[in-house]
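Enquirer: Before I ask anything, here is the structure I am working with.
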Amino acid sequence: MGTNGIAIDVRQLHKWFRNNHVLRGVDLKIPAGTATAIVGGSGAGKSVLLKHMVGLLSPDSGGVYIFNQEMPNKYSRRLEEVRRRFAMVFQGSALLNSLNVGENVGLGLVEQGRLSREEIDRIVREKLTLVGLKGKELELPGELSGGMRKRVAIARALAMDPEIILFDEPTTGLDPIMAQNIDSLIADLRDRLKKTVVIVTHDMDSAFEIADLICMIYEGKIVEQGSPEAFCRSTNPIVEQFISRFKRHNGDRGQGIRD
Amino acid sequence: MKKKTKKVDRFFILLGQKLLDFFQSVGEMLLLLVEAVLLCKVVFRNLDKVLPQMGKIGADSLPIASLTAIFVGFVLALQTGVALQQFGQEEDLGAIVSIGMARELGPVLTAILVIGRIGAAITAEIATMSVSEEIDALRTLSINPVRYLVMPRFLACITMLPVLVIYVDFIGTLGGAAVAKAYFKVPFLAYFDNVADYLTFEDMAKGLVKSVVFGVIISIVSCHKGLTTTGGPGEVGLATTNSVVLSFVSVYVFNYFVTRLWLE
Ligand SMILES: Nc1ncnc2c1ncn2[C@@H]1O[C@H](COP(=O)(O)OP(=O)(O)O)[C@@H](O)[C@H]1O
Ligand SMILES: [Mg+2]
């Protein structure tokens, strides 16, 4: 892992919302071509951290570096260029309700205006098939279940063919079988397409299943990071408490989680 | 005593905070306006978004605009007609109603209707998109929300408001003619001759210029309030109310000062 360097480098990142000091010096390096899971309790600032990685939020101090280049601020013209390397799947799917499923998936490509209509239709069909929603192009987001919306959001992210894909709780609210499918889809993105993947998740099953690196965020800082095996053996009481439930369900499998 | 000072402190801190917020909003709105204007150069590639907005503004406000215009025309003719009758000047009704509509009532009434019917809807729509992260999603797809959402609404407002104003002026004057004939026995021909004698192109033009500026105010305020909404779905209602109030105040204040300026 990490053969081609660091994709995202977060350095001493601080973020306040008014008086709420959410991120308190986050340091995190995400190697290119790997899957990194960020875990932590709700309200810990996982989504806020993820939004800094695509420049949707700007740091109050510290910085975010993408392949060694500092993330441009939100007024810079270079920001769009950097963002083209990214796609993000939002926690609440964030589909445009006025557009149907096919239009949502093809939105980025249509607005870019580089590909022909037929080409875009083909990509939309391909990505929808990939997430198990073949033939649902004409349905409206409002008619879909939460899990289906999430899969449309994943298809929309994949349609842009980005280098780095950020997932904000991709399996939350999905049934176990669908969650398993999404997990293997994400693992596949890394293994076959060599994408850099960052997953925010509550679901320790999927973290252990797909991540090369697991980081735990607590009180605005990364308190533990390491391979799944190392993470599991962590003696940090916060980490132990967080994964104790997972361990109880799965037996204490310190080693060999991946197989 | 000490406690009291603290209260005073807090009052000033709050006041300062509110003032800062206000000036920040004004600054952001000006930037949004500049960006929307600059993005108008790509209008032809975005007609698929601009034209539906124009159609929507027209279709949504036409019924209420017709109703308002005709009744205001009725009332205006009735009220002034009674006064004019005392001096036997009923035939001047045409001039009074048409000039009143063209200079003041047409633009201001139309602005009020559009704020309630269109501005509120724009804020509610965009605010909903903001709180459900749809705006963020647009950004990550390299789509500029100002081009995708604001510019089409901006253009639709500044083009459709004058059109609506012309329509409202016309319907109001027509309403006046009906009352003039029914109550004051002024024949249609005499009424419209009177309109033609007194209503100048300048009256119309000034009303239209006002309405274009109202369109700028309404679209920018509504879009800005929508884009800056954060938090949960509960914030959408609040943002909509704030946007409507701010649009009203801005329209009234601008209207007063520009009218005064033109009188000098
Ligand atoms: N746009 C915002 N404005 C103000 N506060 C925010 C905003 N986004 C997140 N927060 C606050 O930051 C904290 C972390 O939120 P978040 O990153 O969404 O948590 P999670 O780890 O569950 O994803 C929360 O206390 C939340 O209220
Ligand atoms: Mg979150």
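Enquirer: Can we say B:Lys56 is within 14 Å of another protein chain (Cβ to nearest Cβ), out of contact with any Gly (no Cβ under 7 Å at 6 or more places or on another chain) and open to solvent by 30 Å² or more (accessible area, probe 1.4 Å)?
Expert: Criteria met by B:Lys56.
Enquirer: Within the range A:159-178, which residues are modelled with pLDDT of 90 or more and either more than 24 Å from A:Gly40 (Cβ to Cβ) or more than 15 Å from ligand 1 (Cβ to nearest atom) (or both)?
Expert: Once the filter is applied, which keeps residues that are modelled with pLDDT of 90 or more and either more than 24 Å from A:Gly40 (Cβ to Cβ) or more than 15 Å from ligand 1 (Cβ to nearest atom) (or both), the range A:159-178 yields A:Ala159, A:Met160, A:Asp161, A:Pro162, A:Glu163, A:Ile164, A:Ile165.
Enquirer: Moving on to the next point. Out of the residues in the range A:81-90 that are closer than 28 Å to A:Gly173 by Cβ and of a type in the set (A, V, I, L, M, F, W, C), state the one that is farthest from the other protein chains (Cβ to nearest Cβ).
Expert: Among those that are closer than 28 Å to A:Gly173 by Cβ and of a type in the set (A, V, I, L, M, F, W, C), it is A:Val89.
Enquirer: Being without any contact (Cβ under 8 Å) to a residue 24 or more places away in the chain, over 18 Å from the mean Cα position of the chain (by Cα), within 14 Å of another protein chain (Cβ to nearest Cβ) and not in a helix (DSSP H, G or I), is that true of even one residue in the range B:144-155?
Expert: no
Enquirer: Right, something else. Please specify each residue of the range A:28-45 satisfying the condition of being more than 10 Å from ligand 1 (Cβ to nearest atom) and either out of contact with any helix residue (DSSP H, G or I) (no Cβ under 9 Å at 6 or more places or on another chain) or open to solvent by 10 Å² or more (accessible area, probe 1.4 Å) (or both).
Expert: A:Lys29, A:Pro31, A:Ala32, A:Gly33, A:Thr36
Enquirer: Anything in the range A:172-193 that is surrounded by 13 or more Cβ atoms within 10 Å (Cβ to Cβ) and basic (Lys, Arg)? List them, or say none.
Expert: Selection gives A:Arg190 alone.
Enquirer: Pairs please, first residue from the range A:91-105 and facing chain B (nearest Cβ under 7 Å), second anywhere and open to solvent by less than 50 Å² (accessible area, probe 1.4 Å) and part of a helix (DSSP H, G or I), Cβ atoms under 6 Å, 6+ apart in sequence or on different chains.
Expert: A:Ala94/B:Glu134; A:Ala94/B:Ala137; A:Leu96/A:Asn104; A:Leu96/B:Glu134
Enquirer: Next up: Being in a helix (DSSP H, G or I) and within 14 Å of chain B (Cβ to nearest Cβ) is the filter here, so list the residues in the range A:106-140 that pass it.
Expert: Of everything in the range A:106-140, those that are in a helix (DSSP H, G or I) and within 14 Å of chain B (Cβ to nearest Cβ) turn out to be A:Gly106, A:Leu107, A:Gly108, A:Leu109, A:Val110, A:Glu111, A:Gln112, A:Arg117, A:Ile120, A:Ile123, A:Val124, A:Lys127.
Enquirer: Kindly provide the set of residues from the range B:171-193 that are touching a residue at least 24 places away in the same chain (Cβ under 8 Å), farther than 14 Å from B:Leu76 by Cβ and assigned to a helix (DSSP H, G or I), ordered by number.
Expert: If the condition is that a residue be touching a residue at least 24 places away in the same chain (Cβ under 8 Å), farther than 14 Å from B:Leu76 by Cβ and assigned to a helix (DSSP H, G or I), then B:Ala190, B:Phe192, B:Asp193 are the ones that fit.
Enquirer: Just to be sure I understand the filter: pairs with C-beta atoms under 7 Å, separated by 6 or more residues or on different chains, first member in the range A:141-170 and within 13 Å of chain B (Cβ to nearest Cβ) and touching a residue at least 12 places away in the same chain (Cβ under 8 Å), second member of a type in the set (Asp, Glu) and away from ligand 2 (no atom under 16 Å from the Cβ). Which pairs pass?
Expert: Close Cβ pairs (under 7 Å, with a partner that is of a type in the set (Asp, Glu) and away from ligand 2 (no atom under 16 Å from the Cβ)) do not exist here.
Yes or no, residue by residue, for (1) buried (at least 16 other Cβ atoms within 10 Å of the Cβ); (2) farther than 19 Å from B:Phe71 by Cα; (3) among the β-branched types (Val, Ile, Thr); (4) in contact with a Gly (Cβ under 9 Å, 6 or more places away or on another chain):
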| position | (1), (2), (3), (4) |
| --- | --- |
| B:Gly172 | yes, no, no, yes |
| B:Ala180 | yes, no, no, yes |
| B:Pro187 | no, yes, no, no |
| B:Asp193 | no, yes, no, yes |
| B:Ala205 | no, yes, no, no |
| B:Val209 | no, yes, yes, no |
| B:Phe214 | yes, yes, no, no |
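Enquirer: Something else about it: Would you be able to tell me the number of residues in the range A:53-68 that are open to solvent by less than 10 Å² (accessible area, probe 1.4 Å) and away from chain B (no Cβ under 12 Å)?
Expert: Here the count works out to 3.
Enquirer: Same structure, new question: Against the conditions (1) touching a residue at least 12 places away in the same chain (Cβ under 8 Å); (2) more than 16 Å from ligand 1 (Cβ to nearest atom); (3) within 14 Å of another protein chain (Cβ to nearest Cβ); (4) open to solvent by 10 Å² or more (accessible area, probe 1.4 Å), where does A:Val48 fall short? Just the number, please.
Expert: It fails just one condition, (2).
Enquirer: Any residue in the range A:9-33 that is over 22 Å from A:Ile199 (Cβ atoms) sitting within a Cβ distance under 6 Å of a residue that is more than 16 Å from ligand 1 (Cβ to nearest atom) and among the polar types (S, T, N, Q)? List the pairs, counting only those 6 or more apart or interchain.
Expert: As it stands, the answer is A:His14/A:Ser61; A:Gly25/A:Gln12, since those pairs meet every condition given.
Enquirer: Among (1) among the basic types (Lys, Arg); (2) within 12 Å of chain A (Cβ to nearest Cβ); (3) open to solvent by 40 Å² or more (accessible area, probe 1.4 Å), where does B:Lys41 come up short?
Expert: Only one criterion is unmet by B:Lys41, namely (2).
Enquirer: Among residues belonging to the range B:118-139 that are more than 7 Å from chain A (Cβ to nearest Cβ) and among the small types (Gly, Ala, Ser), point out the one that is farthest from the chain's Cα centre (by Cα).
Expert: This residue is B:Ser130.
Enquirer: Would you confirm whether any residue within the range A:201-221 is closer than 20 Å to A:Leu130 by Cβ, part of a loop (DSSP other than H, G, I, E, B) and either open to solvent by less than 30 Å² (accessible area, probe 1.4 Å) or away from ligand 2 (no atom under 16 Å from the Cβ) (or both)?
Expert: Checking the range A:201-221: not a single residue is closer than 20 Å to A:Leu130 by Cβ, part of a loop (DSSP other than H, G, I, E, B) and either open to solvent by less than 30 Å² (accessible area, probe 1.4 Å) or away from ligand 2 (no atom under 16 Å from the Cβ) (or both).
Enquirer: Go over the candidates A:Val39, A:Val10, A:Val22 one by one and state the one that is over 25 Å from A:Pro228 (Cβ atoms) and not small (Gly, Ala, Ser).
Expert: A:Val22
Enquirer: Moving on to the next point. Just need a number here: residues in the range A:16-27 that are within 16 Å of ligand 2 (Cβ to nearest atom) and away from every other protein chain (no Cβ under 14 Å).
Expert: Counting residues in the range A:16-27 that are within 16 Å of ligand 2 (Cβ to nearest atom) and away from every other protein chain (no Cβ under 14 Å) gives 2.
Enquirer: Regarding A:Met71, is this residue in the same structural domain as A:Leu193 (by TED's automatic domain parsing), buried (at least 17 other Cβ atoms within 10 Å of the Cβ) and within 16 Å of ligand 2 (Cβ to nearest atom)?
Expert: no
Enquirer: What tally of residues in the range A:1-27 results from selecting those that are within 16 Å of ligand 1 (Cβ to nearest atom), assigned to a strand (DSSP E or B) and charged (D, E, K, R)?
Expert: Count: 2.
The values are calculated or read from the model by the stated rules, or taken from the named source; none is laboratory data. From a predicted model like this one, the values you see are computed outputs, not experimental measurements. A quick note on method: Cβ atoms are made from the backbone with ideal geometry, for glycine too, and the neighbour counts reach across all protein chains shown. Note: areas computed on protein heavy atoms with side chains; ligands, DNA, RNA excluded. Shrake-Rupley method; radii C 1.70, N 1.55, O 1.52, S 1.80 Å.
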